[in-house]
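*Asks:* Dropping a structure here in structure tokens format, bear with me for questions.
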Amino acid sequence: MNALHKTPTGTEKGTSSVPTRDQINVADTWDLTALFPTEEAYTEAFKNLQNTYSEITELKGKIGESARSLRDCLEMDRELDLKIERLGHYAGLKGSEDSADAANLARESQFSNLMTQIGEAVSFILPEIQAIEDDTFATYLKDPLLKKWVIPLTKLRRMKPHTLSTAEERLLALGHTALAGHEDTFSQLTNVDMKFGVLVDENGHEQALSQSSFSSFLVKRDPELRKKAFHQFYEEISDHQYTLAASLSSSVRADVFHGRARNYPNARKAALFRDDVPESVYDRLISSVRANLKPLFRYYELRRKLLNLDEVHHYDTYVPIVPDIETDVSFDEAVDTVITALAPLGGEYTDVLGRGLRNERWCDRYENKGKRSGAFSSSSYGNPPYLLMNYKADVYSDIYTLAHEAGHSMHSWYSQRNQPYQTYNYPIFLAEVASTFNEELLTHHLLETTDDPKMRAYLINRQIDDIRGTVYRQTMFAEFEKIIHEMEEAGEALTLDTLRKAYRGLLDAYFGENFTIDSELELECLRIPHFYSAFYVYKYATGISAAVTLSQDVLKTGEVGRYHDFLCSGSSQFPIPTLKDAGVDMSSPEPVDKTLSLFARRVEELEGLLG
């Protein structure tokens with residue numbers, strides 16, 4: 001085998017196609033033996049779960065008899081959850097490696113089917129707990145036997161108005177897989193079935209166009225190459241637009257169904273209720289961003305001028321506007337940069353992260369055929385956090401992606417070591433703080449270590465684009481989710497045309513009248529994975545707003561104690577009070593406004609640096 005074929009596309013010049021999984025160096029993949037040393041060990045654990053999960057049904061009808069019986073049920077459920085989490089973690093990670101692999105597909109399908117069966121078996125637990133009389137429940141909470149369960153039980157009790165009867169909970173559990181079928185359709189279509197062809201790059205080499213490499217083409221200096229990549233990519237999206245629209249519509253209908261079935265006033269309230277986040281936080285984010293669009297329009301005009309373009313298109317918004325900056329950074333170099341930037345967080349933080357990324361194979365580094373696009377961090381209790389990347393040496397933003405996912409991973413690492421299982425799994429609202437906090441430290445480090453005006457302009461451009469992508473763009477996404485769910489709840493049709501029309505209205509508002517919007521961009525709403533996990537993306541915007549405030553405080557004072565406590569807190573409190581203890585009040589508009597003000601200042605600074 002040619003050694004070059006072992007190196008993923010984007011790490012060596014001249015590779016012409018996306019490699020298969022077996023062509024990737026093992027050292028560049030994650031090591032899942034901490035979860036299961038062999039596939040046989042996974043199969044044995046899976047069969048064990050199949051054969052034993054029904055034992056929990058022996059507690060049916062007995063949960064509310066005493067504090068002890070309640071404790072026994074919670075402990076048995078905890079042990080069941082630990083097994084499920086480990087098995088699901090392994091199956092999910094293997095599926096992410098190659099979603100076209102038959103064994104991976106079978107494993108995920110078998111696990112999903114088993115989860116439906118287990119969901120049906122345990123569906124009696126929540127109704128029985130919620131059926132305990134209020135006075136009796138309060139008495140149980142004071143019993144020492146339940147001391148370590150007070151927090152989750154108190155949070156659980158909030159769900160009482162939205163917990164159904166045993167029979168109704170059973171039906172919802174039975175219908176889960178069927179109602180989530182749109183997720184599999186979207187994943188298979190975008191990660192496996194779609195073929196985007198190849199492009200000739202600026203060096204005359206053929207490069208595969210894919211979900212992952214698309215971003216690499218959008219940062220190319222050649223405007224015609226960017227344009228061609230955009231139109232070729234969306235040509236394939238257009239060929240499947242009706243299927244994608246049907247999948248997105250099904251996702252929205254499922255959200256609305258679940259909200260109504262559980263007695264919420266709307267799907268958004270259902271999504272925000274578990275974290276006790278008021279809808280006003282969501283709406284305030286949209287209104288704050290809408291009121292501060294002028295600096296964004298100013299930036300697009302600056303970009304048009306500096307790139308010497310007659311008009312600016314979406315495919316012109318990712319290329320660095322500062323020319324002649326080397327962005328060929330190997331993965332190992334990216335690790336070194338990130339570790340150095342995170343030094344303010346202390347030696348333990350950087351030592352653990354360094355070992356995980358360099359020696360312990362936490363990260364699956366490069367793209368291969370069938371691999372899930374994008375990046376994520378994933379963890380399960382008592383096991384290493386794992387990072388999926390599709391790292392490209394010529395995409396400078398991938399260094400930021402690494403810092404971002406490392407933030408998630410270290411958040412998990414600290415939470416596991418300071419919380420019991422029942423309160424270790426922090427909510428996504430908090431997760432996006434830890435990840436974007438790292439990006440802020442990275443930007444600060446890179447700006448502090450350069451005296452080159454051109455590099456400084458490049459980095460400021462990068463921070464501007466980070467805030468643009470994380471606050472402005474994600475808020476637009478959040479508003480789109482709000483609109484299409486309200487359409488469904490009002491009985492309006494969700495079709496390809498109505499989805500495109502709703503998205504086009506937002507594109508016009510968020511990009512301004514001097515921005516040229518290609519009609520293909522209306523299809524972007526069909527290919528955003530997060531839209532299939534609705535009311536998630538707003539947390540990116542609130543997360544970076546909290547992170548800007550917290551990181552500025554750490555850099556100014558050198559004090560990391562409160563931030564360290566935040567990393568260790570898990571889900572021991574709801575997100576808003578957790579952040580307030582860390583030093584930022586997300587119930588006020590101040591953090592979002594502060595971040596938008598930073599964006600405006602950076603645009604002015606960039607204008608000054610570039611004349």
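*Asks:* For the pair ALA509 and THR177, what calculated FRET efficiency results from E = 1/(1 + (r/R0)^6), where r is the Cβ-Cβ distance and R0 = 25 Å, to the nearest 0.05? Please list the in-between numbers first.
*Replies:* On the way: r = 38 Å, r/R0 = 1.51.
Between THR177 and ALA509 the formula returns 0.10.
*Asks:* Please state the Cα pair-distance histogram of the chain with 20 angstrom bins from zero: what percent is in each bin?
*Replies:* 18, 55, 25, 2
*Asks:* Whole-Å semi-axes of the stretch 48-107's equivalent ellipsoid, largest first, each the root of 5 times a Cα gyration tensor eigenvalue?
*Replies:* On the way: eigenvalues 226, 24, 9 Å².
Result for the stretch 48-107: semi-axes of 34, 11, 7 Å.
*Asks:* Given contacts defined as C-alpha pairs under 8 Å and at least six residues apart, what's the relative contact order of the stretch 53-184, whole-number percent?
*Replies:* Working: 88 pairs, mean separation 42.8, N = 132.
Computed over the stretch 53-184, the figure is 32 percent.
*Asks:* Treating the angle as unsigned and between 0 and 90°, give the value, to the nearest 10°, between the Cα long axis of helix 347-358 and the longest Cα principal axis of the chain.
*Replies:* Orientation of helix 347-358: about 80 degrees from the principal axis.
*Asks:* Based on alpha-carbon atoms only, what is the radius of gyration of the stretch 31-179 relative to the globular estimate 2.2 N^0.38 Å?
*Replies:* Details: Rg = 17.5 Å, N = 149, 2.2 N^0.38 = 14.7 Å.
Computed over Cα atoms of the stretch 31-179, the ratio equals 1.19.
*Asks:* Right, another one. Can you check how the C-alpha radius of gyration of the stretch 532-611 compares to 2.2 N^0.38 Å, as a plain ratio?
*Replies:* Details: Rg = 15.0 Å, N = 80, 2.2 N^0.38 = 11.6 Å.
Cα Rg divided by the expected 2.2 N^0.38 Å: 1.29.
*Asks:* To continue, here is another question. Can you sort ILE464, ILE84 by how many other beta carbons sit within 10 Å, fewest first? If you can, show how the numbers build up before the last one.
*Replies:* On the way: ILE464 24, ILE84 17.
Exposure proxy ranking, most exposed first: ILE84, ILE464.
*Asks:* Additional query: Would you mind classifying the stretch 452-573 by shape? Square roots of the alpha carbon gyration tensor eigenvalues, ordered a ≥ b ≥ c; an a/c under 1.5 is rounded, otherwise it is prolate if a/b is larger than b/c and oblate if not.
*Replies:* Working: a/c = 3.53, a/b = 1.50, b/c = 2.35.
Note, shape of the stretch 452-573 comes out oblate.
*Asks:* When the Cα atoms of the stretch 214-355 are enclosed in a convex hull and the volume is divided per residue, what value in Å³ results?
*Replies:* Details: hull volume 32.8 nm³, N = 142.
Per-residue hull volume (Cα only) is 231 Å³.
*Asks:* Rounding to the nearest 10 and keeping the result within 0 to 90°, find how far the Cα-based axis of helix 428-448 lies from the longest principal axis of the chain.
*Replies:* 30 degrees
*Asks:* If I model a spin label at HIS530 and GLU279 as a point 7 Å from the Cα along the Cα→Cβ vector, what separation in nanometres do I get?
*Replies:* Going from the HIS530 label point to the GLU279 one covers 2.1 nm.
*Asks:* Still on this model: Search the structure for amide H atoms under 5 Å from the amide H of GLN207, placed 1.01 Å from N in the peptide plane, and list their residues when 5 or more places away or on another chain.
*Replies:* Amide H neighbours of GLN207, under 5 Å, 5+ apart: LEU199, VAL200, ASP201.
*Asks:* Shifting gears a bit: Angle between the Cα long axis of helix 67-97 and the longest principal axis of the chain, 0 to 90 degrees, nearest 10?
*Replies:* Rounded to the nearest ten degrees, it is 30.
*Asks:* Computed from the mean reciprocal separation of all distinct C-alpha pairs, what Kirkwood hydrodynamic radius does the stretch 336-449 have, in Å? Display every interim value, and only then the final one.
*Replies:* Working: mean 1/r = 0.0690 Å⁻¹.
Here the Kirkwood hydrodynamic radius works out to 14.5 Å.
*Asks:* When only C-alpha pairs under 8 Å and at least 6 residues apart count, what is the relative contact order of the chain, in percent? Each step should come with its number before you reach the end.
*Replies:* On the way: 801 pairs, mean separation 111.4, N = 611.
So the answer I get is 18 percent.
*Asks:* Summing -39500 (n - 2.57) over the DSSP H runs of n ≥ 4 in the chain and dividing by its residue number, what mean residue ellipticity at 222 nm do you reach, to the nearest 500 deg cm²/dmol? It would help to have the intermediate numbers written out before the result.
*Replies:* Details: 26 runs with 359 residues, N = 611.
Result for the chain: -19000 deg cm²/dmol, rounded to the nearest 500.
*Asks:* Please tell me which of these pairs span more than 24 angstrom C-alpha to C-alpha: LYS305/LYS501; LYS62/LYS142; LYS539/LYS594?
*Replies:* Values: LYS305/LYS501 30 Å; LYS62/LYS142 20 Å; LYS539/LYS594 16 Å.
Listed pairs above 24 Å: LYS305/LYS501.
*Asks:* Students often get this wrong, so check it: of LYS227/LYS269; LYS220/LYS556; LYS155/LYS482, which have C-alpha atoms separated by over 30 Å?
*Replies:* Where the Cα-Cα span goes over 30 Å, the pairs concerned are LYS227/LYS269; LYS220/LYS556.
*Asks:* Pop out the ³J(HN,Hα) list for the stretch 262-273 in order, Karplus 6.51 cos²θ - 1.76 cosθ + 1.60 with θ = phi - 60°, rounded to Hz; leave Gly and Pro as x.
*Replies:* Coupling constants for the stretch 262-273: 9, 6, 8, x, 6, 5, 5, 4, 4, 6, 8, 4 Hz.
*Asks:* Relative to a virtual label point 7 Å from the Cα of THR327 in the Cα→beta-carbon direction, which members of the stretch 221-239 show backbone nitrogen distances below 19 Å?
*Replies:* 221-233
*Asks:* While we're here: Among SER519, SER112, which comes first, second and so on when ranked by fewest other beta-carbon atoms within 10 Å? Don't skip to the answer; put the middle values down first.
*Replies:* Values: SER519 10, SER112 15.
With the fewest neighbours first, SER519, SER112 line up as SER519, SER112.
*Asks:* Looking only at the stretch 451-477, which residues have a backbone nitrogen under 11 Å from a spot 7 Å from the Cα of GLU605 in the C-beta direction?
*Replies:* Residues 456-464 fall inside that zone.
*Asks:* Now a separate question. Test of understanding: ordering ASP466, ASP593 by Cβ neighbours within 10 Å, fewest first, what list do you get? Before the final figure, lay out the partial values.
*Replies:* Working: ASP466 21, ASP593 16.
Going from least to most buried by this count: ASP593, ASP466.
Where a number appears in this text, it was derived from the coordinates with a stated rule and is not lab data. In this text, all values refer to a predicted model and were calculated from it rather than measured experimentally. Note that each Cβ is placed from the backbone with ideal geometry, even for glycine, and that neighbours are counted across all protein chains shown.
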